[in-house]
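Inspection log for the structure reproduced underneath, given as structure tokens.
Derivation of every value follows stated rules applied to the coordinates shown; laboratory data play no part. A quick note: this is a predicted structure, and the numbers were derived from the prediction, not measured. All Cβ positions, glycine included, derive from the backbone under ideal geometry; neighbour counts span all protein chains shown.
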């Protein structure tokens, strides 16, 4: 097992390098001169040249990439000029907030998506199946930002169940209940689309499994139908559901940007949008690389979970 | 194509989606011709007019612009951008996929590595990075969304192309000296296009959502021009005071994307061959029962008595009579063989006993099954469940498919017991080891933690038998348990079953197509053909003097070891399809002694000597010896 984890970690290295190259190349496409962007249009040519040298921008592309990579490996992601603080500090702080939001949404979409898919499959063409299929279709068709806005209107403004936005109250105590109170709506809004996707896939995976011979064997043994569905069938279906959960993790992680904007959640997505609008390139670059790297790591966890679940995978 | 359209039309939801989408697209195309107010003219005097107010059907926004006009123009823009992104992504993705799949080797390797890298990014993050580099703007958002979707198309199309590139017609074209470019255009592309269409139909909704999302963030269309996403983004600040400015564009996105998704699902279903055959139907916990007519009474004190059992498969408007009135009985400790060709209904008969026929499409439409005098057809689920495995246990063919691949054999054995009575961990484990020993699995203490895929076919079959023995059942129904095994293992398994039967006094219903097995194991044998029993009696008597022409033909097919040179007779013709059974004897068309009388009316299963019955008006040989006795 340890060997397998190590192997997967090693295989992540080329992916991480690839990600850094892609991000670097995308950022290198930016027209114009970053130094001018930082110093503003009133800067003297001497100042621009000095800053270019300072940032290493006078060097060739390949060399610049390796300097950037080397700095990142030492934990130096550069400085955000708009916020005037190290990129990594800002990203880590914001990423924590995103992780709380996306993590909750991920748990919600996994639990409810799988449950809905299983119930739907177990009652194929029945009333529950039709109802779930319709709700799921609605869920995957609604833009999460629109859903979020409608939730604010309904549950915060009209019913006053939850606060309109934010993560913590500016004054007052930071208890877990305050967090949950603020988290409930954004996490739900973020989870809805992913839940729909997971439910659809779980349904078809379950239908596939329920036709297998070993399900008939379980029934012939006298295993209770509840256990046939939620034990035997779901266990086998998880093998094809888990990779989709991995994809959905990436989806909630990056889709969080809309929700963070709508609910004023201080996450990394909102930071990125602000940085893009302010042309704070180093912050964008660092943020994208950091989140993408975290996602690659998460996918390794998914693979390991998969191998634990399926003894047929050679570890 | 027309068949595809009919299928699509049959799917009402998809048709609804198509109609809604057509209306929206038509309105968007006609927008410049409609008598709408100019969308970008501000009129701050009449800002935030509510819907249905004078001169503004949907009201006005924060700058007093007419919402209906902005909605139509915004829809036009959103649709155009979404569809363009889909077309660009599909074209470039397909080109990359075809090149990678067609040329293969190193080209494929390099390209697919790059695609994998792009797919390692969380989706929207990559789009954000691209917009960050290009700067905000609708065109840039379009490029970003298209770029992000290219890997998806490339990967799908590559998979299809690899399959096509190895087909004979491509080889033939290469031999004919066609250039690669020409082969791709004339041979590969036409086969790939349907896949591209399906992939587009499932992703275009996404792309509309994503471009709307980027515009919502302020990274797409820039004021004063607005698509649906930026309309929502601008309305957000007035969400609480004037919600209608948000609801209008939001609902429009929802309607468009939902229509596209409905249509996409319909397209996919129509093109998925598995759905057409109804093969995706899911077995219910017990077979459906819809008995018509009187329920036959139990006779005698048999342990298990099957009376006039009828099991059918209802697929769409067709009815397959898999079992058409079967009578059989099993006394304690007796072994009865049920023999017949594939498709003769022997497995369905056996599965009907405990309601294990997959349903839908299976339905028990008549007859009864008496266990110790009690009819269990249509018994409540809990009654049936408590009998399964405890009173009547099954052994199935092909134990690799019939054992759960992800549970250890120990867990599967323990579960067989714990489904019927409480067992502690240690007790269950000890019992499972004991069971494995009983079926002569060496090293049972270690084997108990193995997974089915780690065992040989013979070992797995033994596990299947151990599972059937777990609760000391009265009856074991063995459905071709040795068919998937090689001859020596087969012999071992048969010896094992015969020993167990003697030790435990088990009654066995043994289903097979092999007369050798029947001779070795069974006291009595029943021969099935086209869903009915055609001959039944003591094994020796039938083997020595088959009365039904089918039985004798079937026996003539079996090679005998040491039986000398003998012509193996294949039976001419095929069994009749069970959805179109002929009148009279189902075997008449293949029978060499058939007469006109064989083809009319129902031929009963009549006594033939003291212990035998046969369903034939011209039995092969009169049972002289028995009659003389």
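Using the alpha-carbon centroid of each, what span in Å lies between region B:412-480 and region B:184-221? Cα centroid to Cα centroid, the span is 52 Å. Plainly put, region A:184-235 has a radius of gyration that is 1.19 times its Kirkwood radius, both from alpha-carbon atoms, as the Rg/Rh ratio.
Measuring r between the beta carbons of residue B:426 and residue A:242 and using R0 = 30 Å, the FRET efficiency lands at 0.40. In the protein assembly as shown, the DSSP-assigned H stretches of four residues or longer account for a calculated mean residue ellipticity at 222 nm of -18500 deg cm²/dmol, using -39500 (n - 2.57) per stretch and the full residue count as denominator.
With a 10 Å cut-off between alpha carbons and a GNM built on chain A, which of A:270, A:278, A:94 moves the most? Result: A:278 has the largest fluctuation of those listed.
What is the Cα centroid distance between region B:523-555 and region A:131-159, reported in whole angstrom? For region B:523-555 versus region A:131-159, the Cα centre distance is 67 Å. The ellipsoid that matches the Cα gyration tensor of chain B has semi-axes, each √(5λ) in whole angstrom, of 67, 29, 28, with the longest given first. Taken over the alpha carbons of the protein assembly as shown as equal point scatterers, the Debye sum produces base-10 log I(q)/I(0) values at 0.06, 0.10 Å⁻¹ of -0.59, -1.19. The mean number of Cβ atoms from other chains found within 10 Å of a Cβ in peptide B:132-138 is 6, as a whole number.
Working from label points 7 Å from Cα in the Cα-to-Cβ sense, the residue B:181 to residue A:25 distance is 2.5 nm.
The angle between the Cα long axis of helix A:45-55 and the main principal axis of chain A comes to about 50°, on a 0 to 90 degree scale. The C-alpha radius of gyration of region B:1-136, expressed as a fraction of 2.2 N^0.38 Å, stands at 1.56.
When chain A is treated as a GNM with alpha-carbon contacts under 10 Å, the residue of A:297, A:271, A:206 showing the greatest mean-square fluctuation is A:297.
Dividing the Cα radius of gyration of region B:348-433 by 2.2 N^0.38 Å, with N the residue count, gives 1.27. Taking 0.36 nm per residue of separation and subtracting the Cα-Cα distance, full extension of the segment from residue B:22 to residue B:570 would add 191.2 nm. Each part gets one Cα centre, and for region B:365-388 versus region B:65-95 those centres are 61 Å apart. Between residue A:164 and residue B:297, the simple label model (points 7 Å from Cα in the Cβ direction) yields a spacing of 8.2 nm.
Partner shielding of B:209-218 amounts to 5, given as the average count of beta-carbon atoms from other chains within 10 Å of each residue beta-carbon.
Using all pairs of distinct alpha-carbon atoms, the Kirkwood hydrodynamic radius of region B:57-260 works out to 18.5 angstrom. Identify the residues of region B:482-504 with backbone N under 17 Å of a label point that sits 7 angstrom from the Cα of residue B:440 along the Cα-to-Cβ direction, or state none. It comes to B:482-483, B:485-504, nothing else. By the count of neighbouring beta-carbon atoms within 10 Å, fewest first, B:499, A:280, B:398 end up ordered B:499, B:398, A:280. Using the Cβ-Cβ distance between residue B:486 and residue B:555 with R0 = 25 Å, the FRET efficiency computed as 1/(1 + (r/R0)^6) comes to roughly 0.60.
Against the main long axis of the alpha-carbon atoms of chain A, helix A:87-122 sits at an angle near 20°.
Counting Cα-Cα pairs of region A:227-315 in 5 Å increments starting at 0 gives whole-percent bin shares of 3, 13, 16, 17, 14, 10, 9, 8, 6, 3, 1, 0. Extension gain for residue B:520 to residue B:449 (0.36 nm times residue separation, less C-alpha to C-alpha distance): 22.2 nm.
The angle between the Cα long axis of helix A:61-73 and the longest principal axis of the Cα atoms of chain A comes to about 60 degrees, rounded to the nearest 10. Note on B:398-406: average number of Cβ atoms from other chains within 10 Å of each residue's Cβ is 6.
Using the Cβ-Cβ distance between residue A:1 and residue A:44 with R0 set to 51 Å, the FRET efficiency works out to roughly 0.25. Select from A:257, A:239, A:91 the residue whose mean-square fluctuation is largest in a Gaussian network model of chain A (Cα-Cα springs shorter than 10 Å). The residue that fluctuates most here is A:239. The order of B:550, B:381, going from fewest to most other C-beta atoms within 10 Å of their C-beta, is B:381, B:550. Taking all C-alpha pairs of chain A, those more than 27 Å from each other amount to 56 percent.
Put simply, when B:451-464, B:68-81, B:50-63 are sorted by average Cβ atoms within 10 angstrom per residue, most first, you get B:68-81, B:451-464, B:50-63. For the pair residue B:80 and residue B:383, the difference between a 0.36 nm per residue extended length and the Cα-Cα distance amounts to 103.0 nm.
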